[in-house]
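A.B. asks: Following this message is one structure expressed as structure tokens.
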Amino acid sequence: MGAGAKHRFVFVDRLLATLVHLRHGATHDVLACWFGVDRSTITRAIGEIRPLLAERGCSISPGVRLRTLAEVIYHLGASGQTGIIDGTEIRVRRPAGGRKDRDTFISGKNEQNAVKTMVLTDQNGRVLFCSPARPGSCADITHARQSGLVKLLVDGPAVEILADAGYQGLGAQTGGRVVTPPHRKFKKNAPDWYEEMHERQRKAHSSRRIRVEHGIAHLKNWRALARHLGRREHMSDTVQAVASLLS
């Protein structure tokens with residue numbers, strides 16, 4: 001009894017199990033049945049492969065990958081492209097009662113338990129970077145500052161970054177490199193000519209910025225990011241792993 005070769009869960013199988021889990025949300029029990037191994041083997045394999053995928057970064061050409069926000073900013077500057085940023089929320093399980101940080105995961109936008117990541121795409125909507133996840137209560141502009149975006153834009157190459165109204169204020173801090181929708185100068189009784197001009201400028205900005213939504217939509221096609229049922233501390237690796245697979 002027990003003699004003979006043991007079944008080995010080879011790297012290709014571990015990678016495939018991880019991809020199926022991220023793309024379709026298959027549980028560890030289902031994957032264990034599929035591959036004919038113990039559930040703990042699947043859990044260990046996903047725990048090993050997911051960080052490796054997250055570290056790959058996003059491919060922009062054969063053999064060239066962008067792994068950090070600094071590399072993305074310098075790539076945009078060198079290629080003369082415009083970047084687009086936006087925050088997206090991913091629902092997570094409600095933290096256990098009694099936790100001191102329980103309320104920090106409640107999103108003010110959707111009033112649900114979530115984590116938030118900042119997505120940066122090029123002008124065509126191609127995902128170049130996903131930031132580490134933050135609790136859902138973190139404001140978009142705070143998230144951008146914590147990621148080091150302001151310092152990179154001030155000290156780095158001249159890059160135009162399009163953003164929505166949630167990032168208003170970064171333009172002044174970055175010398176105008178972050179472009180947000182135009183402010184309304186008239187809150188009441190605005191002249192007709194001003195309303196027309198403001199609406200035209202707003203639509204022009206929105207039509208350029210909308211491509212980041214396309215990039216986020218591709219991310220959310222992966223079930224692991226539609227709603228995350230695993231550990232919240234794994235969320236950063238999960239979103240960055242999916243981003244690397246889309247490039």
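The values are calculated or read from the model by the stated rules, or taken from the named source; none is laboratory data. The structure displayed is predicted, hence computed values, not measured ones. Virtual Cβ from ideal backbone geometry, glycine too; neighbours counted across all protein chains shown. Note: accessible area is taken over every heavy atom of the protein model, side chains too, but ligands, DNA and RNA are not part of it. Shrake-Rupley method; radii C 1.70, N 1.55, O 1.52, S 1.80 Å.
A.B. asks: Counting pairs of alpha carbon atoms under 8 Å apart in space and at least six apart in sequence, what relative contact order in percent does the stretch 166-247 give?
C.D. replies: 19 percent
A.B. asks: How far is the Cα center of the stretch 155-188 from the Cα center of the stretch 194-247, in Å?
C.D. replies: Cα centres, the stretch 155-188 to the stretch 194-247: 19 Å.
A.B. asks: Simple spin-label model, 7 Å along Cα-to-Cβ: VAL12 to SER79 in nm?
C.D. replies: 3.2 nm
A.B. asks: Taking the chain as a Gaussian network, where each spring joins two C-alpha atoms under 10 Å apart, which residue of ARG126, ARG184, ARG91 fluctuates the most?
C.D. replies: Highest fluctuation of the listed residues: ARG184.
A.B. asks: Over the chain, what relative contact order in percent results from Cα pairs under 8 Å that are six or more residues apart?
C.D. replies: 26 percent
A.B. asks: In whole percent, what relative contact order does the stretch 125-208 give with Cα contacts below 8 Å and a gap of six or more residues?
C.D. replies: For the stretch 125-208, the relative contact order is 22 percent.
A.B. asks: Dipole of the chain (Lys/Arg Cβ +1, Asp/Glu Cβ -1, origin at the Cα centre): which of THR82, ALA226, GLY171 lies farthest to the positive side?
C.D. replies: ALA226
A.B. asks: Next question, about the same structure. Using only the Cα atoms of the chain, what are the Rg and Dmax in Å?
C.D. replies: So, for the chain, Rg and Dmax equal 21.2, 89 Å respectively.
A.B. asks: What pairs in LYS100/LYS220; LYS109/LYS187; LYS109/LYS203; LYS187/LYS220 have C-alpha atoms more than 27 Å from each other?
C.D. replies: Flagged as over cut-off: LYS100/LYS220; LYS187/LYS220.
A.B. asks: Rounded to the nearest 500, what is the 222 nm mean residue ellipticity of the chain from helices alone, with -39500 (n - 2.57) per DSSP H run of 4+ residues and division by all residues?
C.D. replies: -13500 deg cm²/dmol
A.B. asks: Something else: Considering only the chain, what is the antiparallel percent among its DSSP beta bridges, to the nearest 5?
C.D. replies: Here the share of antiparallel DSSP bridges comes out near 75 percent.
A.B. asks: In what sequence, largest accessible area first, do LYS109, LYS116, LYS187 appear using a 1.4 Å probe?
C.D. replies: LYS187, LYS109, LYS116
A.B. asks: Considering only C-alpha atoms, what is the centroid distance from the stretch 89-140 to the stretch 1-71, in Å?
C.D. replies: Result: 24 Å between the Cα centres.
A.B. asks: Stokes-Einstein at 10 °C, 1.306 mPa s, Kirkwood radius from Cα pairs: D for the stretch 1-112 in µm² s⁻¹?
C.D. replies: For the chosen part, D equals 87 µm²/s.
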